[in-house]
Amino acid sequence: MAGRSYDIVIVGSGPVGSAVARTVADEAPDLDVLLVEAGPALSDPPGRHVRTLPNVEDIARAQMLAQAGRVSQPPQEGRIAARPGTYLIGDGVVDSDDTGMPAAAMSTNVGGMGAHWTGSCPVPGEGERIPWIPRYEFDTVWADACGLLRVTQSAFDGWPLGAEVRSALSAVFDEGRAPDRRVQPMPLAIEIGRSCERYWTGIDVILGDVIERGAVELRAETLVTRITLENDEVTGVMIRDRRGEEEYIPARAVFVAADSFRTPRLLHVSGVRPPALGRYLNDHLQVMALARLDDRLIPAAARTRHSRTAGTLELFSGVNWIPYDRERFPFHGQIMQMDASPVPIDGLDEPWPGSIVGIGLFGCKDIAAEDRVAFDDAAPDETGLPGLTIRYRLTDTDRATIDAMKKAAADIAVALGGPVGGEEPTVLPNGNSLHYMGTVRMGLVNDGTSVSDRLGRVWDVNGLFVGGNGVIPTPTACNPTAMSVALAIRSARRAIEDLRGATPCTKEESVAT
Ligand code: FAD
């Protein structure tokens with residue numbers, strides 16, 4: 001049965017699909033837009049970040065729904081526990097030789113992982129940016145993305161000991177850096193309300209009122225099972241709703257933003273199988289350490305403001321940022337001041353609020369075509385679509401990067417006062433950063449190493465766009481969501497032009513535009 005037709009169907013309602021929907025609704029209100037999401041709404045109205053829900057019961061219920069009904073497992077030796085609101089793709093068993101991606105996870109709900117994310121939106125540095133996107137062009141869509149995501153560096157202004165931590169880090173890391181790449185508060189996707197309350201950006205913020213005013217139709221609990229094509233041209237999608245009813249939805253364009261595992265899978269089941277599909281999978285290398293701020297770095301004024309005594313403990317923590325710098329510090333540093341726990345952390349006395357500092361470093365993976373997600377038609381998952389299998393290895397270059405990250409994390413701990421309990425930095429398992437990239441990467445030419453052109457249009461198929469972290473072709477260390485939203489806004493604008501009948505540029509012409 002054929003349903004109503006649309007100009008564009010967007011698959012996946014995470015931050016990327018929602019940014020595409022918002023862009024089309026605002027910039028081309030005459031176009032009919034359908035946003036299809038496999039998972040349920042976690043809030044009413046839909047799309048709130050779970051941290052903005054009113055109480056812990058609602059949050060726990062929402063996280064459970066996002067896990068496709070899977071119950072969170074407690075951590076066990078040698079086995080990964082998924083983060084709340086996410087569930088693992090595999091069995092979570094960590095191999096002794098560091099192969100595979102045991103922590104690979106996803107979320108299935110309106111808002112995708114964007115209902116659970118932390119919201120760090122660091123600006124990509126020189127070396128992380130995509131070299132063939134002109135700087136002015138990227139900067140324009142970056143600003144648009146930050147506007148949609150409500151990125152600010154003021155969300156935690158004045159948090160306990162934030163300035164002291166920043167100044168201790170600046171003394172070590174700022175020399176020789178451009179002002180915008182020095183140690184600074186982390187840009188975060190958080191709105192600050194009139195009474196200074198923080199509201200984490202979910203897709204309710206990204207979409208604004210587009211659903212309310214009927215500019216975008218959202219269908220939750222509806223799986224896109226296939227993209228339909230005729231002579232290499234998109235004709236629509238097949239969907240299956242929660243009752244199991246199938247429907248054909250005619251559409252002139254389809255934009256797939258269904259995460260880095262399920263976007264290539266949907267192309268695969270639809271018979272769109274460019275050689276790079278699912279390949280070049282990469283995730284940030286990740287190292288963590290815990291430091292305790294030296295008492296001498298805690299100024300008298302801070303001692304007066306925040307005593308060690310119970311009752312004055314702060315319930316939030318701030319995050320500082322050591323930006324990626326290709327020459328001096330080729331990592332992305334998130335320096336998080338942990339909530340000042342009333343539980344003594346290292347068996348010593350109760351710490352000053354803000355004085356226990358989590359050091360998180362992300363590093364660039366050595367990208368290889370062999371690292372990939374593959375689709376097992378013979379072993380479908382619970383949706384009936386092919387099962388996902390991941391092949392992933394660390395190279396000698398990766399091991400060297402991890403060693404350098406461990407050293408850098410240990411140096412940071414020392415600069416701040418010393419590691420808690422004298423502990424060495426910890427290397428986190430593959431997939432832990434939740435930043436899966438590369439599987440539908442953009443490219444300049446159709447030479448088998450990319451899935452889409454520089455605007456996200458899938459090679460050799462008219463009307464089919466891809467978006468999400470999977471399109472990022474460069475090795476990066478920074479959290480990718482804002483970059484993916486920026487690239488998706490750019491692709492959405494191109495989709496509007498194509499739908500408006502602009503002479504579609506050939507892939508070669510698109511290189512020069
Ligand atoms: P997703 O948010 O994954 O959404 C994809 C959606 O597509 C899902 O809802 C899925 O159900 C749907 N879908 C899949 N297949 C189909 C289908 N066939 N039909 C219909 N729907 C389908 N990133 C950062 O940059 N900074 C951070 O600080 C950060 N912190 C994070 C913390 C946590 C705990 C988590 C879980 C993630 C974090 N991330 C962070 C990652 C970030 O959330 C993702 O990069 C981002 O959500 C990706 O957006 P997306 O729209 O591409 O995909």
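The values are calculated or read from the model by the stated rules, or taken from the named source; none is laboratory data. What you are looking at is a predicted structure, and each value in this text was computed from that prediction instead of being measured. Neighbour counts are summed over all protein chains in view; Cβ atoms, including those assigned to glycine, are modelled from backbone coordinates with ideal geometry. Protein only, heavy atoms only, side chains kept; ligands, DNA and RNA dropped before computing areas. Shrake-Rupley method; radii C 1.70, N 1.55, O 1.52, S 1.80 Å.
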Original post:
Taking the stretch 16-28, which residues are assigned to a helix (DSSP H, G or I) and open to solvent by less than 20 Å² (accessible area, probe 1.4 Å)?
Top reply: 16, 17, 18, 19, 20, 21, 23, 24, 25
Original post:
Does residue 137 meet the test of being within 16 Å of the ligand (Cβ to nearest atom), in the same structural domain as residue 443 (by the TED database) and of a type in the set (D, E, K, R)?
Top reply: no
**OP:** Determine which single condition residue 51 fails, assuming it passes every other condition in (1) touching a Gly at 6+ places or on another chain (Cβ under 9 Å); (2) at pLDDT 95 or above; (3) within 12 Å of the ligand (Cβ to nearest atom).
**Re:** (2)
Original post:
Mind checking whether some residue in the stretch 224-238 is part of a loop (DSSP other than H, G, I, E, B) and either surrounded by fewer than 20 Cβ atoms within 10 Å (Cβ to Cβ) or among the polar types (S, T, N, Q) (or both)?
Top reply: yes
Subject >> Residue count, the stretch 166-209 (criterion: surrounded by 18 or more Cβ atoms within 10 Å (Cβ to Cβ), closer than 30 Å to residue 20 by Cα and aliphatic (A, V, I, L, M)) >> reply: 8
**OP:** Count, please, the residues in the stretch 337-381 that happen to be at pLDDT 70 or above and charged (D, E, K, R).
**Re:** 8
**OP:** Report whether or not residue 7 is more than 9 Å from the ligand (Cβ to nearest atom), open to solvent by 40 Å² or more (accessible area, probe 1.4 Å) and under 17 Å from residue 236 (Cα atoms).
**Re:** no
**OP:** Output the qualifying pairs, or none if there are none: Cβ atoms under 7 angstrom, residues six or more apart or on different chains, first residue in the stretch 463-482 and without any contact (Cβ under 8 Å) to a residue 40 or more places away in the chain, second residue open to solvent by 10 Å² or more (accessible area, probe 1.4 Å).
**Re:** 471/441
Original post:
Does the stretch 122-135 contain at least one residue that is of a type outside the set (Val, Ile, Thr) and closer than 18 Å to residue 432 by Cα?
Top reply: no
**OP:** For the stretch 65-72, indicate whether the set of residues that are away from the ligand (no atom under 16 Å from the Cβ), among the hydrophobic types (A, V, I, L, M, F, W, C) and not in a strand (DSSP E or B) is non-empty.
**Re:** yes
Original post:
So residue 50 fits all but one of (1) without any contact (Cβ under 8 Å) to a residue 60 or more places away in the chain; (2) over 16 Å from residue 433 (Cα atoms); what number is the exception?
Top reply: (1)
Original post:
Being modelled with pLDDT under 90, among the aliphatic types (A, V, I, L, M), farther than 22 Å from residue 481 by Cα and away from the ligand (no atom under 16 Å from the Cβ), is that true of even one residue in the stretch 77-87?
Top reply: no
Original post:
Is the stretch 140-151 home to any residue that is in contact with a strand residue (DSSP E or B) (Cβ under 9 Å, 6 or more places away or on another chain) and aromatic (Phe, Trp, Tyr)?
Top reply: no
**OP:** Any residue in the stretch 165-187 that's touching a residue at least 60 places away in the same chain (Cβ under 8 Å) and closer than 21 Å to residue 417 by Cα: show its pairings with residues that are among the charged types (D, E, K, R) and part of a helix (DSSP H, G or I) at Cβ separation under 7 Å, as long as the two are six or more apart or on different chains.
**Re:** 183/166
Subject >> Count of residues meeting criterion [among the β-branched types (Val, Ile, Thr) and under 19 Å from residue 122 (Cα atoms)] in the stretch 154-188 >> reply: 2
Original post:
Looking at 383, 401, 397, which is the one that is more than 16 Å from residue 332 (Cα to Cα), assigned to a helix (DSSP H, G or I), not basic (Lys, Arg) and not assigned by the TED database to the domain that holds residue 474?
Top reply: 397
Original post:
Here are 469, 462, 432, 446: which of them is farther than 30 Å from residue 170 by Cα, open to solvent by 20 Å² or more (accessible area, probe 1.4 Å) and within 11 Å of the ligand (Cβ to nearest atom)?
Top reply: 469
Original post:
When you look at residue 43, is it surrounded by 24 or more Cβ atoms within 10 Å (Cβ to Cβ) and more than 22 Å from residue 246 (Cα to Cα), yes or no?
Top reply: no
Original post:
Does the stretch 112-119 include one or more residues that are open to solvent by 40 Å² or more (accessible area, probe 1.4 Å), modelled with pLDDT of 90 or more and either part of a helix (DSSP H, G or I) or within 16 Å of the ligand (Cβ to nearest atom) (or both)?
Top reply: yes
